[in-house]
Amino acid sequence: MGQMQDMQAKMQEKLREQEFTESAGGDLIHVTVNGVREVTNISIDPSLLGGDDAEAIEDMLVVATNRALIKAAQAEAAEGQSLIQGMLPGMG
């Protein structure tokens, strides 16, 4: 059981080091997350901050965040598959 926990810890460490960035609003908003689905950065084009369009900015943040989290989830699934294949004889 200890070997499985060590492998999971290594996988989490590897995923934490990976970054996934997505954008919304024609590249005016960028959100970056790591492989364990933590938002690590949000970038808003300064042209958006001059107006009274807070609701649009919030909507774009949600879209960009969800897109980045989908990428992170896909990477996590791929890492999990790789981990399982490495553990099962004849599967790799």
**Request:** Could you please tell me which pairs satisfy a Cβ distance under 7 Å, a separation of 6+ or placement on different chains, a first residue in segment 74-92 that is at pLDDT 75 or above, and a second residue that is in a helix (DSSP H, G or I)?
**Result:** 75/15; 76/15; 79/11; 79/14; 79/15; 83/7; 83/11
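Taking residue 42 as the residue in question, decide whether it is over 29 Å from residue 7 (Cα atoms), surrounded by fewer than 17 Cβ atoms within 10 Å (Cβ to Cβ) and in contact with a helix residue (DSSP H, G or I) (Cβ under 8 Å, 6 or more places away or on another chain). Break it down stepwise before answering.
Numbers: over 29 Å from residue 7 (Cα atoms): yes; surrounded by fewer than 17 Cβ atoms within 10 Å (Cβ to Cβ): yes; in contact with a helix residue (DSSP H, G or I) (Cβ under 8 Å, 6 or more places away or on another chain): yes.
In short, yes.
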**Asked** Before we move on, is residue 35 among the small types (Gly, Ala, Ser) and within 21 Å of residue 87 (Cβ to Cβ)?
**Response** yes
**Message:** Can you pull out every residue in segment 7-64 that is under 11 Å from the mean Cα position of the chain (by Cα) and of a type in the set (Gly, Ala, Ser)?
**Reply:** 35, 64
**Request:** Starting from segment 46-68, take each residue that is farther than 12 Å from residue 25 by Cβ and list its partners that are of a type in the set (Lys, Arg), counting only C-beta distances under 6 angstrom and pairs at least six apart or across chains.
**Result:** none
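The values are calculated or read from the model by the stated rules, or taken from the named source; none is laboratory data. This structure is a prediction, so every number in the text was calculated from the model and none was measured. With ideal geometry, Cβ positions are generated from the backbone for all residues, glycine too; neighbour counts draw on all protein chains shown.
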